[in-house]
Amino acid sequence: MIKLNYFPTRGHIFCEILSSETISSGGIILAKTLKERPFKGKVISVGAPTINTCRKCEDKGVCHSKVCYKKNKELKAPCKQGDIVYFKSVWGRTIKDKYIFLNFMDVIGVTK
């Protein structure tokens, strides 16, 4: 493995983007222009847990959202180093189109 000098901050995950398949389920080879961005990666390192805050409460002062019960609770990483994660469509935080920084909340699935 190549030594990288990138470390995730609190509440973030650093992943290597895994290449997507270029052959469809029916055996058709897709052109590079038709391929979607891959949404799967291998976790290289995980940042420290973060504190969950409700943005609605901060903006308005009063919030009746159902997610407020989690306000000011510690939010732990949903994965460990070496896990394969599936994440939401994220743009702008990639490094050399090979690595990506994700928030804990961007991860939608984990394969051990």
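The values are calculated or read from the model by the stated rules, or taken from the named source; none is laboratory data. Model, not experiment: these values are computed from the prediction. So basically every Cβ, Gly included, is an ideal-geometry build from the backbone, and we count neighbours across all protein chains shown.
Quick grid of which residues meet (1) part of a loop (DSSP other than H, G, I, E, B); (2) of a type in the set (Asp, Glu); (3) modelled with pLDDT of 90 or more:
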site: 72; (1), (2), (3): yes, no, no
site: 82; (1), (2), (3): yes, no, yes
site: 90; (1), (2), (3): yes, no, no
site: 105; (1), (2), (3): no, no, no
site: 110; (1), (2), (3): no, no, yes
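Residue by residue through region 99-112, note down the ones that are more than 20 Å from residue 52 (Cα to Cα) and touching a strand residue (DSSP E or B) at 6+ places or on another chain (Cβ under 6 Å). Those that are more than 20 Å from residue 52 (Cα to Cα) and touching a strand residue (DSSP E or B) at 6+ places or on another chain (Cβ under 6 Å): 99, 100, 110, 111.
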